[in-house]
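A short reminder: the numbers here are calculations on the coordinates, not readings from a lab. Computed from a prediction, not measured in an experiment: that's the story for all the values here. We place every Cβ from the backbone using ideal geometry, glycine too, and count neighbours over all the protein chains shown.
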C-alpha cells in the first residue's frame with residue numbers, strides 16, 4: 001500500500017512556505033502525488049520510511065515535522081462511520097489529526113474542548129494513528145486545535161475531512 005506524507009505547519013500565514021506541486025515533481029521518481037497546498041502527499045512507489053523522510057527533508061527549505069502513515073490507515077478512517085452519532089450542523093467542520101507517534105497514554109474519547117459548556121472542538125474517535133473530530137467555525141476554535149498536541153500527548157498535524165477523502169480517492173486509483 002502507498003504511504004501518505006503530511007508536513008506540519010507549512011504554508012500557514014506566510015510562514016515556512018514552499019510550492020508543494022514543485023516538490024511533488026522533484027519526487028516524481030517515487031510516484032509522489034500532491035494534495036492541496038498544506039503539505040499533503042501520497043507516495044505510490046515502495047520506499048522505506050527513513051529514506052522517504054530523508055528525501056522530503058533534503059528538498060524542503062526549512063525544518064518541519066514530517067509525518068508518514070500507511071495509506072490503508074487513511075482509507076480505513078475515511079470509510080468508517082466515526083461521525084454517525086455526531087450531527088452535522090451549520091458551521092461545523094470535520095477533520096482528522098495524524099499523530100506523529102503512538103502516545104504513552106491516550107485520553108478517553110470523546111473529548112470536548114474547552115471542557116464544560118459549549119464545545120469548540122470535539123474529538124470523536126481514534127483509529128490507529130489518526131484522531132477524528134469536528135470543530136465549530138469560530139476564531140476561538142483555532143486556539144483549541146492548537147492544544148491538541150498537549151491533550152493527545154504527541155505532536156499532531158490536522159487536515160480537513162475533505163482532504164482526507166481526497167487522499168482516499170488518490171489511493172483508490
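Relative contact order for region 84-161 using alpha-carbon pairs under 8 Å, separation at least 6, rounded to a whole percent? Intermediate values should be presented prior to the final figure.
Details: 131 pairs, mean separation 32.2, N = 78.
Relative contact order of region 84-161: 41 percent.
(i) 1.09; (ii) 0.96; (iii) 1.05: which one is Rg/Rh (Cα atoms, Kirkwood Rh) as calculated from this entry? Comparing each candidate, only (ii) matches the computed number. The mean sequence distance of close C-alpha pairs (under 8 Å, at least 6 residues apart), as a share of the length of region 40-173, puts its relative contact order at 29 percent. Region 76-100 and region 28-60 have Cα centres lying 25 Å from one another. Defining a contact as two alpha carbons under 8 Å apart and six or more residues distant in sequence, what relative contact order in percent does region 3-73 show? Relative contact order here is 43 percent. Each stretch of four or more DSSP H residues adds -39500 (n - 2.57); spread over every residue of the chain, this sum gives -8000 deg cm²/dmol at 222 nm.
Note on residue 172 and residue 26: the model spin-label points, each 7 Å out from Cα along the C-beta direction, lie 3.2 nm apart. For the chain, the longest principal axis of the alpha carbon atoms and the long axis of helix 49-59 meet at an angle near 80°. The angle between the Cα long axis of helix 161-172 and the longest principal axis of the Cα atoms of the chain comes to about 40 degrees, rounded to the nearest 10. The distance between label points at residue 51 and residue 88 comes to 4.1 nm (points 7 Å beyond Cα on the Cα→Cβ vector).
Subtracting the Cα-Cα distance of residue 142 and residue 63 from 0.36 nm times their residue separation leaves 26.2 nm of extension gain.
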